[in-house]
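Participant: Before I ask anything, let me first share the structure, which is written out below as structure tokens.
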Amino acid sequence: MSKSKAELSVTERLILQLVIYRTKNPKHLTFFGDNEYIAKCVDVKPDTVRKYIKELEELGYLNEVKDDKGRRHLTYTGKEFAPIIADMRDFDKNMLKQERDNYLRDLNYCKHELELTQIRNDTLDKENSSLRLKLLHTETRLMQLENFLLSHGATKEQIEAMVKQAQQVPEAA
């Protein structure tokens, strides 16, 4: 990890990048936004901004000057730091487009797989419902058969013996 990454927080680097961005215009060589403005830009409280600006001055990243009306003006000293938002001017645009196309192709493949999975899930749900219905029908017929046997004088023990005997028949074959 570089020294600037170790000594600067994410918020401090955001503040530095805001100051650099606002001072790129030759007409505005200094940044004069107050703590509340900076706090809104980097989504922290004004007291946190005040603390971080003081720390950035002590570390040598920012210079603070007061104008004749007592307003604070900040300038970036040029000290190196690891920015959060990279400068994209030197990136190969074709490579980025290829990467984007690859991700879009992967996305389309995943969408297709999701559709197939949903179809398979629907099919399995229908099969499950059908099997549950068949099981319910079989259990109903079994209860009817058991009631028929009981009404014709068979006992529960005799019915259990018949069931055990029926289970042993496939094993012998």
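The values are calculated or read from the model by the stated rules, or taken from the named source; none is laboratory data. The shown structure was predicted, so the numbers you read here are calculated from the model rather than taken from an experiment. Note: ideal-geometry Cβ built from the backbone for every residue, glycine included; neighbour counts use all protein chains shown. In case anyone asks, the SASA skips ligands and DNA or RNA and just uses the protein heavy atoms, side chains included. Shrake-Rupley method; radii C 1.70, N 1.55, O 1.52, S 1.80 Å.
Participant: Looking only at region 64-103, which residues are part of a strand (DSSP E or B) and open to solvent by 80 Å² or more (accessible area, probe 1.4 Å)?
Facilitator: Correct list: Val65, Lys66.
Participant: Taking region 35-59, which residues are of a type in the set (A, V, I, L, M, F, W, C) and assigned to a helix (DSSP H, G or I)?
Facilitator: Hits for region 35-59 are Ile38, Ala39, Cys41, Val42, Val49, Ile53, Leu56, Leu59.
Participant: On to the next question. Before we move on, is Met143 among the aliphatic types (A, V, I, L, M) and open to solvent by 100 Å² or more (accessible area, probe 1.4 Å)?
Facilitator: Yes; evaluated as a whole, the condition is true for this residue.
Participant: Cβ-Cβ below 9 Å, separation at least six or inter-chain, first residue in region 36-49 and without any contact (Cβ under 8 Å) to a residue 12 or more places away in the chain and within 11 Å of Glu12 (Cα to Cα), second of a type in the set (D, E, K, R) and part of a helix (DSSP H, G or I): which pairs?
Facilitator: Pairs that qualify, where the first residue is without any contact (Cβ under 8 Å) to a residue 12 or more places away in the chain and within 11 Å of Glu12 (Cα to Cα) and the partner is of a type in the set (D, E, K, R) and part of a helix (DSSP H, G or I): there are none.
Participant: Tell me which residues, restricted to region 10-62, are open to solvent by less than 50 Å² (accessible area, probe 1.4 Å) and among the β-branched types (Val, Ile, Thr).
Facilitator: Those that are open to solvent by less than 50 Å² (accessible area, probe 1.4 Å) and among the β-branched types (Val, Ile, Thr): Thr11, Ile15, Val19, Ile20, Thr23, Thr30, Ile38, Val42, Val44, Thr48, Val49, Ile53.
Participant: Also, I was wondering about something else. Suppose we filter Lys134, Lys164, Lys126 for residues that are within 37 Å of the chain's Cα centre (by Cα) and either in a helix (DSSP H, G or I) or under 28 Å from Val10 (Cβ atoms) (or both); which single one remains?
Facilitator: Lys126
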